[in-house]
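The values are calculated or read from the model by the stated rules, or taken from the named source; none is laboratory data. Computed from a predicted structure; not experimentally measured. All Cβ positions, glycine included, derive from the backbone under ideal geometry; neighbour counts span all protein chains shown. These accessible areas exclude ligands, DNA and RNA; they are computed on the full protein's heavy atoms, side chains included. Shrake-Rupley method; radii C 1.70, N 1.55, O 1.52, S 1.80 Å.
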Amino acid sequence: MDQLHAGGTAGSLIVNAVARHGDRPALADGNIRWSYREFGDAVGRFITLFRSVGLKRGDALSVLAGNRAESWAAISAAMVMGLRYTPLHPMAAEDDHVFIIGDAEIDALIVEAGKFAPRGLAIKTRVPTLKHLLSFGPVEGARDLLAEMPGAAPAPLVDESDVNAIAWLAYTGGTTGRSKGVMLPHRVVTTMATLLYADWDWPPDIRFLAATPISHAAGVTLYPVMMRGGFTRLVQGFEAEAYCRVVAEDKITAAFLVPTLIYALIDAPDLRARYDMSSLDMIVYGAAPMSPDRLREGMEIFGPVFVQLYGQTEAPQCITTMRKIDHDDSKPGRLGSCGRPNPLVDVKLFDSEMREVETGEPGEICVRGTLVMDGYWKRPEATEEAFRGGWLHTGDVAVKDEDGYFYIVDRTKDMIISGGFNIYPREVEDALMSHQAVASAAVIGVPDDKWGEAVKAFVVLKAGANNGAAELQAHVKEKRGAPWSPKSIEFVGEIPVTGLGKIDRKALRAPYWEGRKRGVA
């Protein structure tokens, strides 16, 4: 590597934050409160423990745990050591976790004791290439890192990572039912952190609340918080009253929420009366469609504090931003926008022939810049398709107005975003059709005031079968996980198909989406 241009890694962000911010409050969960110095001490101890296991630069680590301080310290240790980190969604099904651990060639998996222990043991049994099972707390057959931490000497925080190496290998759902590993080098992480640092309306005193899993969007948002010397409060999942209490107790000034959770706060006037939430100065939302009407309600309650992100795993968090000042309800339709492109990203709308479309005309959002992934792990054909014409193809269709604001109107891919989860119809269809009573199935997303989109299934039962919706919903939940289970199932005689014999999703969607824009609002 060209040493002259080395540095600027996710590891260096961590090392510098610890060195710069010392005794400032850094991170807390329900049990732990760390200053930056104490956080750095924990990161150093994890580095010592990882080395004692035999992990070295270029090896791969995965973590299956809730939002706890040790999780972020372990992930940060991986960044400093130059390990490749793969997040696991805590709500995904066992088969998905097994596939990812095998496909990503994970060397060491950390699982949290308690509810994740059986899953960790199952993965170890089913993935023979996994070398080390580690744990937060006692788990049978695993090495308990928390028990060993007090006796481990903290390693000096010296960044060993390479700016061109993969920092995060993050998996996204696949339209074929197979997840793809997105290769995000350190360059992407530092570009993203810099963009978020620059383009969001951070309060002067950052006290950030992360309620959604730090394995995903809430986690990568910790990088700019730490660059700024801010404080992060982790909570395990979202429960409205507990969330409001933490905002009041810790005087939270910044939060990331998917729209469903914002709706829960809007619809809880009693909680807002009981807990002082006036400290909230920036609420970032994204990852799912948000109703402009509900956004307007939120602005009336919380004030002009909203910032929207639009991104995807392949170009994380900040393809476009809707800043506070952009939430201008005097501009007709503006609250339905996903904002304008970030300064370090080229964004254009192209037709299927890669010709740039005119203002007001729909085109696929295509992206270039240092924010873009290196490609899909071990999937050269998928990478070539995603990068055709020298741009990243997002699969989202948008129009751009004369002021440069983007409005997403549809998806070229069929992904459903429900409550912040990315759900691909094929994944649900495959799960449904693994039930012995199901002949065929088709799945679409339909508008839903709470979830943005709800998973709806159309099912053809085999002759003589009379199985009910609840049984099939439970079956999908067991096979894939709760977010994938259809909110509604309609039993039909046949599934409409196109001339090529493919499921005609357009015909299925029409009754639900006609007259409405489908996409991120």
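Summarising the label geometry, the points placed 7 Å from Cα in the beta-carbon direction at GLU385 and ARG368 lie 2.3 nm from one another. Annotation: Cα Rg of the chain relative to the compact-globule expectation 2.2 N^0.38 Å equals 0.96.
Over 32 Å apart at the Cα level, from the set LYS331/LYS487; LYS331/LYS477; LYS348/LYS477; LYS450/LYS506; LYS180/LYS348, are LYS331/LYS487; LYS331/LYS477; LYS348/LYS477. Taking a straight line from the alpha carbon of LYS400, these aspartates and glutamates sit under 20 Å away, with near neighbours fewer than eight places off in the same chain left out: ASP199, ASP326, ASP328, ASP329, ASP346, ASP351, GLU353, GLU356, GLU358, GLU361, GLU364, ASP410. Across all directions, the shadow cast by the convex hull of region 372-445 built on its C-alpha atoms averages 7.7 square nanometres. Structural descriptor for region 306-419: relative contact order 22 percent, calculated from alpha carbon pairs under 8 angstrom and at least 6 residues apart. Here the Kirkwood formula, the inverse mean of 1/r across different C-alpha pairs, assigns region 138-196 a hydrodynamic radius of 15.2 Å. Restricting the calculation to Cα atoms, region 63-116 yields a radius of gyration followed by a Dmax of 11.2, 30 Å. Per-atom-type breakdown for the chain gives carbon and sulfur 51% of the accessible area (1.4 Å probe, protein chains only).
Neighbours of VAL15 by Cβ distance under 12 Å: Lys/Arg scored +1, Asp/Glu scored -1, total -1. Using DSSP to call loops (not H, G, I, E or B), can you name the trypsin sites (Lys or Arg not before Pro) in region 345-380 whose Cβ has at most 16 other Cβ atoms within 10 angstrom? Those satisfying the criteria are ARG355, LYS378.
List the trypsin sites (Lys or Arg not before Pro) in region 19-73 that DSSP assigns to loop (not H, G, I, E or B) and whose Cβ has at most 13 other Cβ atoms within 10 Å. Which are they? Here the sparse-neighbourhood loop sites are LYS56, ARG57. The packing ranking of peptides 197-208, 303-314, 271-282, highest mean first, is 303-314, 197-208, 271-282, where packing means the average number of other beta carbon atoms within 10 angstrom of each residue. Of the Cα atoms belonging to region 327-455, the radius of gyration and Dmax stand at 17.4, 55 Å. Look at the dipole of the chain built from charges on Cβ: of PRO90, THR394, TYR171, the Cα furthest out on the positive end belongs to PRO90. How high is the FRET efficiency from ILE32 to ASP201, r the C-beta distance, R0 35 Å, rounded to 0.05? Taking R0 as 35 Å, the efficiency between ILE32 and ASP201 is 0.75. On a per residue basis, region 25-86 carries 27 Å² of accessible surface, using protein heavy atoms and a 1.4 Å probe.
Across all directions, the average projected area of the convex hull around the alpha carbons of region 304-349 is 3.8 nm².
Projection of the Cα convex hull of region 1-146, averaged over all directions and equal to a quarter of that hull's surface, yields 9.3 nm².
Here region 267-315 yields Rg over Rh of 1.04, to two decimals, using C-alpha coordinates and the Kirkwood radius. Reducing region 218-264 and region 55-80 to their Cα centroids gives an inter-centroid distance of 21 Å.
Of the trypsin sites (Lys or Arg not before Pro) in region 80-177, the ones in a loop by DSSP (not H, G, I, E or B) with at most 13 other beta carbons within 10 Å are LYS115. A Stokes-Einstein calculation at 4 °C with viscosity 1.567 mPa s, built on the Kirkwood radius of region 183-335 over Cα pairs, returns a diffusion coefficient of 82 µm²/s.
Kirkwood-type hydrodynamic radius, region 252-407: 17.0 Å, calculated from all non-identical alpha-carbon pairs.
In this rough spin-label picture, where each label sits 7 Å from Cα along the Cβ direction, the ARG296-GLU478 distance is 4.6 nm. From most to least packed by mean Cβ count within 10 Å, the peptides 437-443, 459-465 give 437-443, 459-465.
Less than 5 angstrom separates the built amide H of THR232 from those of LEU27, ALA28, PHE208, all sequence-distant by 5 or more or on a different chain. Once the chain from ASP351 to GLU148 is taken as fully extended at 0.36 nm per residue, the excess over their C-alpha distance is 67.4 nm.
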